[in-house]
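In what follows, a single structure is set out as C-alpha coordinates and then discussed.
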Amino acid sequence: MNFAKALGTLGGAGPVLCVGLDPHPEILSLWGCSDSPAGLSDFVQHIVPLLVASPVALVKPQVALFERHGVRGMSVLANLLGRLRQASILTIGDAKRGDIGSTMAGYAEAWLIPGADFEVDALTVSPYLGVGALLPALDLALENGKGAFVLAATSNPEGQGLQSARTAAGPSVAGSVHAALAEYSRKNPAAASSHGVVVGATVDWSARGVDLLSTPGMPVLVPGFGAQGVDLAQCRSLFPGLDLVLPVSARELLNSGREGFLERIEMAHREALT
(Lines give C-alpha, C1' and ligand atoms only; values in the text may rest on other atoms or scores of the structure.)
Protein backbone atom coordinates (compact mmCIF):
# COMPACT_ATOMS: atom_id res chain seq x y z
CA MET A 1 0.00 0.00 0.00
CA ASN A 2 1.12 3.58 -0.56
CA PHE A 3 2.24 5.02 2.76
CA ALA A 4 1.34 8.66 2.03
CA LYS A 5 -2.14 7.79 0.80
CA ALA A 6 -2.79 5.50 3.76
CA LEU A 7 -1.64 8.18 6.22
CA GLY A 8 -3.83 10.74 4.49
CA THR A 9 -6.84 8.49 4.95
CA LEU A 10 -6.06 7.86 8.61
CA GLY A 11 -5.16 11.42 9.56
CA GLY A 12 -8.44 13.14 8.71
CA ALA A 13 -9.87 12.90 12.22
CA GLY A 14 -6.78 13.93 14.16
CA PRO A 15 -3.61 12.30 15.55
CA VAL A 16 -3.00 8.73 14.42
CA LEU A 17 -2.09 6.42 17.29
CA CYS A 18 0.99 4.29 16.65
CA VAL A 19 1.52 1.24 18.86
CA GLY A 20 5.17 0.70 19.71
CA LEU A 21 6.16 -2.96 19.92
CA ASP A 22 9.09 -2.96 22.33
CA PRO A 23 9.48 -6.53 23.64
CA HIS A 24 11.81 -5.79 26.55
CA PRO A 25 12.55 -8.79 28.81
CA GLU A 26 10.12 -7.51 31.45
CA ILE A 27 7.40 -7.07 28.82
CA LEU A 28 7.91 -10.62 27.59
CA SER A 29 7.56 -11.82 31.17
CA LEU A 30 4.31 -9.89 31.65
CA TRP A 31 2.98 -11.61 28.53
CA GLY A 32 3.93 -15.03 29.89
CA CYS A 33 6.83 -15.41 27.46
CA SER A 34 10.45 -16.30 28.08
CA ASP A 35 13.28 -13.92 27.21
CA SER A 36 14.42 -16.05 24.28
CA PRO A 37 13.78 -16.38 20.54
CA ALA A 38 11.02 -18.90 21.31
CA GLY A 39 9.47 -16.52 23.84
CA LEU A 40 9.68 -13.66 21.35
CA SER A 41 7.87 -15.82 18.81
CA ASP A 42 5.19 -16.60 21.41
CA PHE A 43 4.80 -12.86 22.07
CA VAL A 44 4.19 -12.23 18.36
CA GLN A 45 1.68 -15.09 18.22
CA HIS A 46 -0.22 -13.52 21.12
CA ILE A 47 -0.13 -9.90 20.01
CA VAL A 48 -0.89 -10.03 16.28
CA PRO A 49 -4.53 -11.22 16.66
CA LEU A 50 -5.09 -8.49 19.26
CA LEU A 51 -3.68 -5.83 16.94
CA VAL A 52 -5.87 -7.09 14.11
CA ALA A 53 -8.92 -6.87 16.39
CA SER A 54 -8.04 -3.34 17.52
CA PRO A 55 -8.75 0.03 15.89
CA VAL A 56 -5.02 0.64 15.41
CA ALA A 57 -3.69 0.90 11.86
CA LEU A 58 -0.04 1.80 12.59
CA VAL A 59 2.59 -0.22 14.47
CA LYS A 60 6.26 0.54 15.19
CA PRO A 61 8.40 -2.49 16.09
CA GLN A 62 11.61 -1.61 17.92
CA VAL A 63 14.15 -3.53 15.82
CA ALA A 64 16.87 -3.69 18.49
CA LEU A 65 14.69 -5.80 20.77
CA PHE A 66 14.31 -8.41 18.06
CA GLU A 67 17.94 -8.16 16.92
CA ARG A 68 19.22 -8.88 20.44
CA HIS A 69 17.91 -12.43 19.94
CA GLY A 70 20.13 -12.95 16.90
CA VAL A 71 19.16 -14.58 13.64
CA ARG A 72 16.10 -16.26 15.16
CA GLY A 73 14.92 -12.96 16.61
CA MET A 74 15.19 -11.26 13.24
CA SER A 75 13.28 -14.15 11.70
CA VAL A 76 10.50 -13.48 14.21
CA LEU A 77 10.53 -9.82 13.17
CA ALA A 78 10.23 -10.79 9.50
CA ASN A 79 7.25 -13.00 10.37
CA LEU A 80 5.65 -10.19 12.38
CA LEU A 81 6.05 -7.68 9.55
CA GLY A 82 4.60 -10.11 7.02
CA ARG A 83 1.56 -10.86 9.17
CA LEU A 84 0.88 -7.18 9.80
CA ARG A 85 1.20 -6.45 6.08
CA GLN A 86 -1.35 -9.18 5.32
CA ALA A 87 -3.69 -7.53 7.83
CA SER A 88 -3.21 -4.11 6.14
CA ILE A 89 -1.64 -2.66 9.29
CA LEU A 90 1.04 -0.10 8.46
CA THR A 91 4.50 -0.66 9.95
CA ILE A 92 7.30 1.74 10.82
CA GLY A 93 10.57 -0.10 11.29
CA ASP A 94 12.33 1.63 14.18
CA ALA A 95 15.83 0.72 13.05
CA LYS A 96 17.42 4.23 13.08
CA ARG A 97 19.72 3.38 10.21
CA GLY A 98 22.19 5.98 8.96
CA ASP A 99 25.36 5.76 6.88
CA ILE A 100 26.87 6.98 3.62
CA GLY A 101 26.89 5.93 -0.02
CA SER A 102 26.45 2.28 -0.90
CA THR A 103 26.20 1.34 2.79
CA MET A 104 23.15 3.55 3.24
CA ALA A 105 21.75 2.10 0.02
CA GLY A 106 22.24 -1.39 1.46
CA TYR A 107 20.27 -0.54 4.59
CA ALA A 108 17.54 1.04 2.46
CA GLU A 109 17.24 -2.05 0.27
CA ALA A 110 16.89 -4.29 3.34
CA TRP A 111 13.84 -2.38 4.59
CA LEU A 112 12.22 -0.43 1.78
CA ILE A 113 11.98 -2.80 -1.20
CA PRO A 114 8.70 -4.69 -1.69
CA GLY A 115 9.22 -8.36 -0.99
CA ALA A 116 12.31 -7.85 1.21
CA ASP A 117 12.47 -9.97 4.35
CA PHE A 118 12.13 -6.86 6.52
CA GLU A 119 9.83 -4.84 4.30
CA VAL A 120 8.18 -2.00 6.19
CA ASP A 121 5.99 0.90 5.15
CA ALA A 122 8.39 3.43 6.64
CA LEU A 123 11.79 3.44 8.31
CA THR A 124 13.41 5.62 10.97
CA VAL A 125 16.81 6.99 9.90
CA SER A 126 19.56 8.91 11.68
CA PRO A 127 20.88 12.07 9.98
CA TYR A 128 24.08 12.70 11.87
CA LEU A 129 26.31 11.84 8.91
CA GLY A 130 24.35 14.55 7.13
CA VAL A 131 20.80 14.54 5.79
CA GLY A 132 22.26 14.36 2.29
CA ALA A 133 23.81 10.99 3.17
CA LEU A 134 20.28 9.65 3.63
CA LEU A 135 19.32 10.22 0.00
CA PRO A 136 19.54 6.51 -0.92
CA ALA A 137 16.87 5.77 1.72
CA LEU A 138 14.77 8.87 1.05
CA ASP A 139 14.79 8.22 -2.70
CA LEU A 140 14.14 4.48 -2.46
CA ALA A 141 11.25 5.06 -0.07
CA LEU A 142 9.77 7.56 -2.50
CA GLU A 143 10.25 5.21 -5.44
CA ASN A 144 8.39 2.40 -3.65
CA GLY A 145 5.56 4.44 -2.12
CA LYS A 146 7.06 4.19 1.36
CA GLY A 147 8.09 6.69 4.02
CA ALA A 148 11.08 7.75 6.09
CA PHE A 149 11.28 9.44 9.49
CA VAL A 150 14.44 11.41 10.19
CA LEU A 151 15.53 11.90 13.81
CA ALA A 152 15.37 15.61 14.58
CA ALA A 153 14.63 16.38 18.25
CA THR A 154 14.75 13.32 20.47
CA SER A 155 13.79 13.16 24.14
CA ASN A 156 16.92 11.43 25.45
CA PRO A 157 18.96 13.88 27.60
CA GLU A 158 22.19 13.04 25.77
CA GLY A 159 20.73 14.42 22.56
CA GLN A 160 19.73 17.85 23.78
CA GLY A 161 23.15 19.50 23.67
CA LEU A 162 23.99 18.22 20.20
CA GLN A 163 20.57 18.91 18.70
CA SER A 164 20.38 22.41 20.19
CA ALA A 165 23.89 23.36 19.04
CA ARG A 166 24.05 26.06 16.40
CA THR A 167 25.38 25.29 12.96
CA ALA A 168 27.76 27.61 11.11
CA ALA A 169 24.77 28.93 9.17
CA GLY A 170 22.92 29.83 12.37
CA PRO A 171 20.02 27.37 12.86
CA SER A 172 20.21 24.60 15.43
CA VAL A 173 21.28 21.14 14.34
CA ALA A 174 17.73 19.84 14.89
CA GLY A 175 16.31 22.79 12.98
CA SER A 176 18.68 22.23 10.09
CA VAL A 177 17.64 18.56 9.90
CA HIS A 178 13.99 19.56 9.65
CA ALA A 179 14.79 22.30 7.13
CA ALA A 180 16.81 19.90 4.96
CA LEU A 181 13.95 17.40 4.89
CA ALA A 182 11.50 20.20 4.08
CA GLU A 183 13.73 21.22 1.17
CA TYR A 184 13.81 17.61 -0.05
CA SER A 185 10.01 17.54 0.01
CA ARG A 186 9.81 20.81 -1.90
CA LYS A 187 11.97 19.28 -4.62
CA ASN A 188 10.06 15.98 -4.44
CA PRO A 189 6.41 16.89 -3.73
CA ALA A 190 5.35 13.25 -3.50
CA ALA A 191 7.45 13.01 -0.33
CA ALA A 192 5.64 15.85 1.44
CA SER A 193 3.19 13.54 3.20
CA SER A 194 5.34 10.40 3.49
CA HIS A 195 8.73 11.66 4.72
CA GLY A 196 8.75 13.21 8.19
CA VAL A 197 10.71 13.89 11.34
CA VAL A 198 10.94 12.26 14.76
CA VAL A 199 10.28 14.61 17.68
CA GLY A 200 10.04 13.34 21.25
CA ALA A 201 6.81 13.89 23.17
CA THR A 202 8.68 15.60 26.03
CA VAL A 203 10.63 17.96 23.75
CA ASP A 204 9.92 21.67 23.42
CA TRP A 205 10.52 21.53 19.68
CA SER A 206 10.30 25.28 19.19
CA ALA A 207 13.00 25.87 21.82
CA ARG A 208 15.08 23.16 20.13
CA GLY A 209 14.92 25.29 16.97
CA VAL A 210 12.51 23.14 14.95
CA ASP A 211 9.80 25.10 13.10
CA LEU A 212 7.17 22.40 12.57
CA LEU A 213 4.52 25.02 11.83
CA SER A 214 6.34 25.88 8.61
CA THR A 215 5.55 22.37 7.32
CA PRO A 216 2.04 21.60 8.62
CA GLY A 217 1.57 18.68 6.21
CA MET A 218 4.81 16.90 7.13
CA PRO A 219 4.26 13.71 9.20
CA VAL A 220 5.70 13.92 12.71
CA LEU A 221 6.43 10.69 14.56
CA VAL A 222 6.24 11.37 18.32
CA PRO A 223 7.52 8.61 20.62
CA GLY A 224 7.27 8.87 24.38
CA PHE A 225 3.59 9.02 25.26
CA GLY A 226 2.62 7.16 28.41
CA ALA A 227 5.78 5.86 30.05
CA GLN A 228 7.57 9.24 29.83
CA GLY A 229 4.72 11.01 31.60
CA VAL A 230 2.92 12.65 28.68
CA ASP A 231 -0.75 11.76 28.17
CA LEU A 232 -2.09 11.04 24.71
CA ALA A 233 -4.85 13.56 25.39
CA GLN A 234 -2.14 16.27 25.32
CA CYS A 235 -1.12 15.45 21.75
CA ARG A 236 -3.20 18.12 20.01
CA SER A 237 -2.08 20.87 22.40
CA LEU A 238 1.59 19.89 22.13
CA PHE A 239 1.49 19.79 18.32
CA PRO A 240 -1.14 22.32 17.25
CA GLY A 241 -1.78 23.15 13.62
CA LEU A 242 -0.17 19.98 12.23
CA ASP A 243 -2.01 17.57 9.93
CA LEU A 244 -0.19 14.26 10.51
CA VAL A 245 0.94 13.75 14.08
CA LEU A 246 1.69 10.12 14.93
CA PRO A 247 1.91 9.71 18.73
CA VAL A 248 3.62 6.50 19.84
CA SER A 249 2.74 4.59 22.98
CA ALA A 250 4.59 1.37 23.75
CA ARG A 251 5.26 0.30 27.34
CA GLU A 252 2.09 1.99 28.61
CA LEU A 253 0.09 -0.39 26.41
CA LEU A 254 2.26 -3.49 26.63
CA ASN A 255 2.73 -3.59 30.39
CA SER A 256 -0.92 -4.54 30.82
CA GLY A 257 -0.10 -8.00 29.52
CA ARG A 258 -2.37 -9.98 27.23
CA GLU A 259 -5.53 -9.60 29.27
CA GLY A 260 -5.67 -5.82 29.29
CA PHE A 261 -3.92 -5.01 26.01
CA LEU A 262 -6.92 -4.60 23.73
CA GLU A 263 -8.78 -2.49 26.28
CA ARG A 264 -5.76 -0.21 26.70
CA ILE A 265 -5.39 0.21 22.94
CA GLU A 266 -9.03 1.17 22.57
CA MET A 267 -8.71 3.70 25.38
CA ALA A 268 -5.48 5.11 23.94
CA HIS A 269 -7.05 5.40 20.50
CA ARG A 270 -9.89 7.47 21.97
CA GLU A 271 -7.49 9.65 23.97
CA ALA A 272 -5.34 10.38 20.92
CA LEU A 273 -8.39 11.71 19.09
CA THR A 274 -9.56 13.87 22.00
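The values are calculated or read from the model by the stated rules, or taken from the named source; none is laboratory data. Everything quoted here is computed from the prediction, not taken from an experiment. Heads up, the Cβs are rebuilt from the backbone with ideal geometry, glycines too, and the neighbour counts pull from every protein chain shown.
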### Whichever residue in the stretch 247-274 is surrounded by 16 or more Cβ atoms within 10 Å (Cβ to Cβ), out of contact with any helix residue (DSSP H, G or I) (no Cβ under 8 Å at 6 or more places or on another chain) and hydrophobic (A, V, I, L, M, F, W, C) and, among such residues, is modelled with the lowest pLDDT
A250
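Looking only at the stretch 23-64, filter to residues that are in a loop (DSSP other than H, G, I, E, B) and within 22 Å of the chain's Cα centre (by Cα); which one of those is surrounded by the most Cβ atoms within 10 Å (Cβ to Cβ)? Working first, answer last.
Our first condition is that a residue be in a loop (DSSP other than H, G, I, E, B); within the stretch 23-64, this holds for 23-24, 31-36, 54-57, 63.
Those still in the list that are within 22 Å of the chain's Cα centre (by Cα) too: 23-24, 54-57, 63.
Details: P23: 27, H24: 16, S54: 21, P55: 12, V56: 22, A57: 19, V63: 22.
Here the answer is P23.
Here's the yes/no breakdown for (1) over 19 Å from the mean Cα position of the chain (by Cα); (2) surrounded by fewer than 19 Cβ atoms within 10 Å (Cβ to Cβ); (3) part of a helix (DSSP H, G or I):
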position: G82; (1), (2), (3): no, yes, yes
position: S88; (1), (2), (3): no, yes, no
position: A95; (1), (2), (3): no, no, no
position: W111; (1), (2), (3): no, no, yes
position: E119; (1), (2), (3): no, no, no
position: T124; (1), (2), (3): no, no, no
position: D139; (1), (2), (3): no, yes, yes
position: F149; (1), (2), (3): no, no, no
